[in-house]
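Engineer: Okay, here's the structure, questions in a sec.
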Amino acid sequence: MATTEKTRMNEESTGRAAVGLEKVVLKVYRFDPETDERGRLDTFEIPYVDGMTVLDGLFTVLEKIDGSLAFRFSCREGICGACAMFINGSYRLACETQVARLLREGHREVHVMPLPHLPVIRDLVVDMTRFWECYEAIAPWIVTRSADPERERPQSPEERKRIDEYVGCILCGSCFSSCPSVWTGKEYLGPTAMMKTFRWVADTRDEAHDERLGLVAHEKGAWRCHTIFNCVEACPKKINPTSAIQGLKGRTVAALLRGAKGLRAGRKALADRP
Ligand code: SF4
Ligand code: FES
């Protein structure tokens with residue numbers, strides 16, 4: 001459908017009837033691999049009120065103008081990471097990004113793009129397969145070798161505080177999408193998997209620290225990070241994956257110096273776990 005025709009329909013179905021409401025222009029990336037040779041931006045003019053998020057705006061389009069629009073969401077409160085998108089030139093969570101705030105920041109329109117550098121399945125939905133494969137590869141669960149305690153494995157508030165930042169990652173994929181080493185090195189595990197490895201290496205309850213270091217201590221792991229800091233800028237949760245990767249490098253060198261056996265066994269030990 002031509003943009004002008006779509007805009008006319010926008011006005012009929014949403015805009016002019018909503019007397020007293022401000023309008024905002026949403027430009028949304030569209031791509032259907034079954035019918036389109038390349039992507040395009042569709043323009044929608046919709047009413048908005050203070051407090052309305054970009055995700056709300058996408059729902060307005062979906063429910064009132066174009067039911068074929070595809071996008072991901074789940075929690076609608078910044079927890080699941082599903083709605084990460086590239087909005088007005090920045091990585092943001094659509095459910096946490098208020099339209100009025102974007103306008104107050106000086107943007108005249110709202111541009112909504114899928115996460116860059118990932119294959120587009122349709123519209124704003126990208127293929128996260130590689131992201132999840134990288135995450136799975138680092139065994140993102142606690143590994144213990146000692147006998148199970150009678151009750152839980154305790155951790156002091158101070159010990160937990162050291163990993164708080166990294167536990168707070170919602171696996172939205174923004175840092176992965178922003179990383180030039182991911183773009184250029186198909187084998188690189190990426191900043192999320194590296195940061196989550198550090199999360200477990202710094203967790204006092206985990207008992208596979210050296211193996212974990214072995215898993216990422218190679219050119220497809222921590223050493224592939226060139227400290228470009230894109231991931232830090234991209235993260236909507238203000239997490240710093242680069243500092244975690246630096247921590248991994250430091251701990252790996254220390255493990256090498258003390259001749260840790262687990263380093264070499266790392267990949268195999270974790271890969272063999274049931
Ligand atoms: S570190 Fe930040 S940007 Fe990366 S996946 Fe986690 S929440 Fe998303
Ligand atoms: S819908 Fe869950 S983070 Fe936005």
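Engineer: Among the residues of segment 87-146, which ones are touching a Cys at 6+ places or on another chain (Cβ under 8 Å) and of a type in the set (A, V, I, L, M)?
Structural biologist: Across segment 87-146, the qualifying residues are 93, 94.
Engineer: Based on this model, can you work out whether residue 75 counts as assigned by TED's automatic domain parsing to the domain that holds residue 44, in contact with a Lys or Arg (Cβ under 6 Å, 6 or more places away or on another chain) and within 16 Å of ligand 2 (Cβ to nearest atom)?
Structural biologist: Spelling it out, it is not the case that residue 75 is assigned by TED's automatic domain parsing to the domain that holds residue 44, in contact with a Lys or Arg (Cβ under 6 Å, 6 or more places away or on another chain) and within 16 Å of ligand 2 (Cβ to nearest atom).
Engineer: Moving on. Taking segment 92-109 only, how many residues are under 21 Å from the mean Cα position of the chain (by Cα) and either away from ligand 1 (no atom under 16 Å from the Cβ) or under 15 Å from residue 23 (Cα atoms) (or both)?
Structural biologist: Number of matching residues: 3.
Engineer: Could you give every pair whose Cβ atoms fall below 7 Å, whose first residue belongs to segment 29-41 and is more than 19 Å from residue 109 (Cβ to Cβ), and whose second residue is in a loop (DSSP other than H, G, I, E, B), counting only separations of at least 6 or pairs across chains?
Structural biologist: 31/39; 31/123
Engineer: Just give me the residues in segment 88-124 being β-branched (Val, Ile, Thr) and crowded, with 19+ Cβ neighbours inside 10 Å, in sequence order.
Structural biologist: Within segment 88-124, 97, 99, 110, 112, 120 meet the criteria.
Engineer: Got a number for residues in segment 220-256 being modelled with pLDDT under 90 and over 19 Å from residue 199 (Cα atoms)?
Structural biologist: Residues flagged as modelled with pLDDT under 90 and over 19 Å from residue 199 (Cα atoms) within segment 220-256 amount to 1.
Engineer: Within segment 202-213, work out how many residues are surrounded by fewer than 24 Cβ atoms within 10 Å (Cβ to Cβ), among the aliphatic types (A, V, I, L, M) and under 14 Å from residue 254 (Cβ atoms).
Structural biologist: So the answer is 1.
Engineer: Every residue in segment 59-83 that is of a type in the set (Gly, Ala, Ser) and free of Cβ contacts under 8 Å to residues at least 60 places away in the same chain, please.
Structural biologist: The answer is 67, 68, 70, 74.
Engineer: While we're here: Among the residues of segment 117-133, write down those that are farther than 19 Å from residue 34 by Cα and β-branched (Val, Ile, Thr).
Structural biologist: If the condition is that a residue be farther than 19 Å from residue 34 by Cα and β-branched (Val, Ile, Thr), then 129 is the only one that fits.
Engineer: Among the residues that make up segment 214-237, is at least one of them within 17 Å of the chain's Cα centre (by Cα), of a type in the set (A, V, I, L, M, F, W, C) and surrounded by fewer than 18 Cβ atoms within 10 Å (Cβ to Cβ)?
Structural biologist: yes
Engineer: Inspect all residues belonging to segment 139-156 and state whether any of them is within 14 Å of ligand 1 (Cβ to nearest atom), of a type outside the set (D, E, K, R) and in contact (Cβ under 8 Å) with a residue 40 or more places away in the chain.
Structural biologist: Yes: segment 139-156 contains one or more residues that are within 14 Å of ligand 1 (Cβ to nearest atom), of a type outside the set (D, E, K, R) and in contact (Cβ under 8 Å) with a residue 40 or more places away in the chain.
Engineer: Further question: Being part of a loop (DSSP other than H, G, I, E, B) and surrounded by 13 or more Cβ atoms within 10 Å (Cβ to Cβ) is the filter; apply it to segment 157-169 and report the residue that is farthest from ligand 1 (Cβ to nearest atom).
Structural biologist: 162
The values are calculated or read from the model by the stated rules, or taken from the named source; none is laboratory data. Here the structure is a predicted model, which means the values were calculated and not measured. Backbone-built Cβ (ideal geometry, glycine too); neighbour counts: all protein chains shown.
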